[in-house]
Amino acid sequence: MPGKFTSMVAMIAVTALISCGKSEPETAAPETVPTPETASAPETAPAPDGNADPTVVDPGHYTTEFENERVRIIRIAYGPGEESVMHYHADSVGVFLTDHLVQMTMPEGEPQEISAKAGEAIFLPGGQHLPKNISDARWELILVELKPSGSTATEAGGTDPTIVDAEHYRTEFENEKTRIVRIAYGPGEESVMHYHADSVGVFLTDHLVQMTMPEGESQEISAKAGEAIFLPGGQHLPKNISDASWELILVELK
């Protein structure tokens, strides 16, 4: 072995001298022979990243339905007993389409139990977690992830519906990033002209509305319970033209 080692060192030294003597090497230096550790690394799957996007690491439970520079709308659905992997969400608003019972494990390892009723909407500070459905029923929610506020091309403002029409519009939560407004109309009921900022509407019931714009033209809009859509800001006057009550959550963006 010492003889072989000495010969190898001599060969490397001669090669180095030859290389130094050339102004421009004609060939690239020999590749380093990978060690067992580096050779096996590419074949090893990376550990789950706590900051991972859930729609990437767990697409079976998390589906992006809409995304722009203001917001991302994610539909989340778990079957009984199903769980995810550790992942990350930005500040969000969760709108629960079904009753909800989940065990939430945090990065430090401590689990906590969280429950919600169908139709509830709450602000959820951003962070990492690993959810598990600990109920015996499927549950589903819409998660409205909020992006950093930027300039918007919508109108500068207008009449606040929670002030001019408190019968139909009620603020449930508000901070510097969002306002959560619950909207409910009986059959045939209508509002007055008012304004909303860019928003996400999450429909808790089937929805049929006649929307009159400031210029006077009207259009009919329908939606199914459980749908979620991005609504550019502007003014309008809604009227329920169905024979049933309807309700939705409006997540206004700031």
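So here's what we get for this one:
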| item | result |
| --- | --- |
| Subset of the range 115-139 [in contact with a His (Cβ under 9 Å, 6 or more places away or on another chain) and either surrounded by 15 or more Cβ atoms within 10 Å (Cβ to Cβ) or closer than 19 Å to residue 57 by Cβ (or both)] | 116, 120, 124, 126, 127, 128, 129, 130, 131, 133, 135, 139 |
| Pick from the range 191-224, criterion in contact (Cβ under 8 Å) with a residue 60 or more places away in the chain and assigned to a loop (DSSP other than H, G, I, E, B), ranking: farthest from residue 97 (Cα to Cα) | 198 |
| Test: residue 176 is of a type outside the set (A, V, I, L, M, F, W, C), under 20 Å from the mean Cα position of the chain (by Cα) and not in a loop (DSSP other than H, G, I, E, B) | no |
| Test: residue in the range 179-193 that is acidic (Asp, Glu), under 16 Å from residue 214 (Cβ atoms) and modelled with pLDDT of 95 or more | yes |
| Matching option when the condition is under 20 Å from the mean Cα position of the chain (by Cα) and without any contact (Cβ under 8 Å) to a residue 60 or more places away in the chain, among 144, 102 | 102 |
| Residues of the range 200-225 that turn out to be exposed (fewer than 15 other Cβ atoms within 10 Å of the Cβ) and farther than 16 Å from residue 188 by Cα, as a count | 7 |
| In the range 72-96, the residues that are of a type in the set (A, V, I, L, M, F, W, C) and within 14 Å of residue 251 (Cβ to Cβ) | 73, 74, 90, 93, 95, 96 |
| In the range 179-194, the residues that are over 10 Å from residue 252 (Cβ atoms) and under 30 Å from the mean Cα position of the chain (by Cα) | 182, 183, 184, 185, 194 |
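The values are calculated or read from the model by the stated rules, or taken from the named source; none is laboratory data. Just so it is clear, the model here is predicted, and its values are computed rather than measured. Counting neighbours? That spans all protein chains shown, and the Cβs are built from the backbone with ideal geometry, glycine included.
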